[in-house]
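All remarks here apply to the structure that follows.
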Amino acid sequence: MDYYKLNSENLSQLNGEVSVPRYDRTKVKAGILHIGIGGFHRAHEAFYTDELLNKNSDTNWGICGVALLNFDQKIFQTLKDQHGLYTLIVKELDGSLTKTVIGSIVDYLFAPENPTAVIERIANPDIKIITLTITEGGYNYNEATGEFEIDNPAIQQDLKNPNSPKTVFGYLTQGLKLRKENNVSGCTIQSCDNIQGNGHVTKKMLLSYVKHAEPELVSWIESHVSFPNSMVDRITPATVPADIEALKETSGIEDAWPVVCEPFKQWVIEDDFIAGRPAWEEVGAQFVEDVVPYEKMKLSLLNAGHSVLGILGTLIGYSTIDEVVNDEAVNHFLGAYMEHEVIPTLGELKGVDLNEYKQSLLERFGNIYIKDQVDRICSESSAKIPKFILPTVQGQLQGNGVIELAAFVMAAWAIYSLGVDENGAKIQVRDAMEDVLHEKAVAAKANPKLFLEIESIFGNLSESEPFVAAYTKAYQDIKQFGVKKCIIDLNSKF
Ligand code: CS2
């Protein structure tokens, strides 16, 4: 087999089993600036945008991808070497692979190398939409107070050095300031992260920063920038070396960083784009007036479901999500959590059968070809759990509903945070709050409640008697009998 490095020159050489862009990429203008070009963006927004470029003749909506952190240098360099091209490998339910070379990222910038280029690009009149995938923790939000963490050292540094920012808030502020100074029209900032009310949160956090950094810019942003909420969905595990090798051996493509994902995808967006938008609805995105109920459903069933599987599965000793959910006892436990604790908090959702949705999630998690890593799911749990699980607990506590299963998962998380699974193997905890989690996890050995006292995660949950009682019992049971046996016992009640 001949091998071809993936780049513009070699596109015409690729064999027929791989789809390639059918549009002229040299004619596509970047109308979207995207911050955070990780796997999820490339499996989701960049995929939808590529489909649209293939379908209609509007060439104003290519993507300029921005790598913001030093850590992102590798993806920047890869995209640069490959002229923005990469292969999206969809792992179908029958194990077959659908491979598409995606061409919608037509430009790329590495912020640490040239901060001014990023600031100027945000102010460029061609850019009408700025989209973000900066992770749940990237919004600098304090769960206990609901406010922006102004004391964060990176934020303080940006306030002192406005022209060489490091955080997304520093960049957006300087870019928007330049837009205003140059009399460029407003734009849309669209979060594509898994946060309830992600548009509202983005607006609130950005304005909090701007009030400190450039107070006179606040009213311009309020009248010139829109912040639609959106719900995004597509399971995208981390790419592993075997994916790269298999692509090379089956298709002859040498792609340094392909993206793998599941076939399912969903994007529900509020139609609030102040400077226009691509016709993403032509390729399956849903535009609705109020996305809040969809977000709530997805975060509290899918993302929370992932966290439940990730934490319990890691302690038991599994390494991928399909292994965990295909364990009958854990599968039943998750189904019971969804049915008895989550669904009662969701209310009616027009056109959606929540039981069917729940069932479809269990099937998606069970796809044996995806091999989503429990390690990916558990990373940054301190930012995820307050958004995925705790709102359900609060809802249930208010209505005197069942909280036992969520309390069990929190107890398991306290034990997980000690960094050793039930077989004695080391757990690599990857979390911005790793030190605090570990310290409280150690303290919890003598008094389990101390873990719940991490206020920036749990707020005042440690004051809830019923929750603390269920959590403490679960903690002691897990220590004594192990996760699996406790799950089996709980399952007999639900
Ligand atoms: C996962 C998400 O990060 C996580 O914990 O739950 O990345 C999930 O796979 C996506 O949101 C799916 O849409």
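None of the figures in this text is laboratory data; all of them are computed from the coordinates on show. Note that this is a predicted model, so its numbers are computed, not measured. Glycine gets a Cβ as well: all are built from the backbone with ideal geometry, and neighbour counts include every protein chain shown.
Some observations on this one:
- Pairs from LYS128/LYS166; LYS74/LYS211; LYS5/LYS298 whose Cα-Cα separation, in the structure shown, is over 26 Å: LYS74/LYS211; LYS5/LYS298
- For the chain, calculated [θ]222 nm from helices alone, where every DSSP H run of n ≥ 4 adds -39500 (n - 2.57): -12500 deg cm²/dmol
- Rounded to whole Hz, the Karplus (6.51, -1.76, 1.60) HN-Hα couplings of the stretch 393-409, x for glycine and proline: 4, 4, x, 5, 5, 4, x, 6, x, 6, 10, 4, 6, 5, 4, 4, 5
- Between 0 and 90°, nearest 10: helix 198-213 axis offset from the chain longest Cα axis: 70
- Peptides ranked, highest mean first, by Cβ atoms within 10 Å: ranges 83-90, 55-62: 83-90, 55-62
- Long-range HN-HN contacts of ILE130 with modeled amide H, under 5 Å: LEU33, THR188, ILE189, GLN190
- For the stretch 292-491, the Kirkwood hydrodynamic radius from C-alpha pairs, put into Stokes-Einstein at 37 °C and a viscosity of 0.692 mPa s, yields a diffusion coefficient of 196 µm² per second.
- Sorting the segments 4-10, 352-358, 316-322 by their residues' average number of neighbouring beta-carbon atoms within 10 angstrom, most packed first, yields 316-322, 4-10, 352-358.
- Using θ = phi - 60° and Karplus 6.51 cos²θ - 1.76 cosθ + 1.60, couplings along the stretch 414-420 (whole Hz; Gly, Pro as x): 4, 6, 3, 5, 6, x, 9
- The shape of the chain can be summarised by an equivalent ellipsoid whose semi-axes, obtained from the alpha carbon gyration tensor, come to 37, 28, 21 Å from longest to shortest.
- Gyration tensor (alpha-carbon) shape descriptor, the stretch 4-288, a/c threshold 1.5: prolate
- Cα gyration tensor shape of the stretch 1-74, rounded if a/c is under 1.5, else prolate or oblate by comparing a/b with b/c: oblate
- Cα gyration tensor shape of the stretch 177-217, rounded if a/c is under 1.5, else prolate or oblate by comparing a/b with b/c: oblate
- Rough spin-label spacing in nm, given labels placed 7 Å along Cα→Cβ, for GLU245 and LEU349: 3.9
- Computed from the C-beta positions of ALA256 and GLN480 and an R0 of 41 Å, the FRET efficiency is 0.25 to the nearest 0.05.
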